[in-house]
Amino acid sequence: MKRRVIAFDLDNTLADSKSPLADQMADLLDRLLLRFQVCVISGGTFEQFQKQLLHGLKAAPDTLRALHVMPTCGTRYYRFDIATCSWQLVYAEDLTAAQKTKIVAALNSGADALGYRASRLWGAQIEDRGSQITFSALGQEAPIAEKEAWDPDGGKKRKLRDYVAKLIPDLGVRVGGSTSIDVTKHGIDKAYGIGKLIALLDAAKQDVIFVGDRLSKGGNDYPVKAMGVDCLAVSCWQDTALVIQTMLGVT
């Protein structure tokens with residue numbers, strides 16, 4: 001079956017966590033954009049996408065039209081505008097001020113109750129991303145090794161997710177990255193973003209392949225798998241590079 005859309009997670013799929021693309025990956029993505037519609041969907045902000053993804057690409061402006069950027073798990077969607085030579089916001093499912101206040105209070109309550117107040121933080125523990133509030137146990141800029149050691153089996157994140165979800169049942173609470181949980185409006189996750197993209201491109205689920213590192217049940221990539229999109233599991237960007245090389249028919 002011929003595919004039209006190749007979608008990717010960002011951290012630990014296209015790049016190391018919070019790190020820029022390797023030159024090899026940037027080159028592969030530039031080439032992939034010449035042949036497919038490419039979507040990158042992840043929990044980070046658009047500014048994080050700029051640092052990790054967009055600044056490393058060398059594709060021409062008309063080629064960048066094939067790139068669909070979905071920060072904060074698809075609650076925002078950007079496309080490149082050739083006329084202004086800039087990235088333009090297509091939609092945003094922003095939280096209200098009242099919702100944000102309620103979310104922050106619930107996250108603080110959960111962190112206190114479960115003892116998730118680290119003695120050292122690397123950046124803010126709670127970040128307002130407009131359409132998503134993210135709690136990062138060790139801070140937004142924690143080193144990869146520290147993050148991997150904090151919750152290797154995901155149990156701590158699941159406890160916090162369950163605690164917070166009971167306090168704000170009208171909002172969506174889910175496990176995010178290696179040390180984080182994300183809160184958005186209900187029903188808005190990566191499946192929502194991919195579904196919106198499919199509709200905007202007048203495509204079908206069968207036209208899409210999704211590549212991610214958290215596809216097991218409970219992972220933040222799992223909703224895409226659950227909606228019926230074909231998925232490929234990876235554990236690092238080097239795995240993804242091999243996937244893209246296969247798609248391009250190169251070695």
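FYI, it's all coordinate maths here, none of it is from the lab. Everything numeric here is computed off the predicted structure, so don't read it as measured data. FYI the Cβ positions are ideal-geometry reconstructions off the backbone, even for glycines, and counts take in every protein chain you see.
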Q. If you find the alpha carbon centre of the stretch 105-144 and of the stretch 18-44, how far apart are they in angstrom?
A. 28 Å
**Q.** Reciprocal of mean inverse Cα separation for the stretch 97-185 (Kirkwood radius, Å)
**A.** 12.8 Å
Q: Pairs of lysines 8 or more apart, or on different chains, with alpha carbons under 27 Å: count those in the stretch 1-100, would you?
A: 5
Q) Which entry in [x] 0.98; [y] 1.03; [z] 0.92 matches Cα Rg over 2.2 N^0.38 Å derived from the coordinates of this structure? A) [x]
Q: Highest first, please rank the peptides 134-140, 150-156 by the mean number of other Cβ atoms sitting within 10 Å of their residues.
A: 134-140, 150-156
Q.
To check you understand DSSP bridge types, tell me what percent of the beta bridges within the chain (both residues inside) are antiparallel, rounded to 5.
A. 55 percent
Q. Using mean Cβ contacts within 10 Å as the protection proxy, how do 158-170, 185-197 order, highest first?
A. 185-197, 158-170
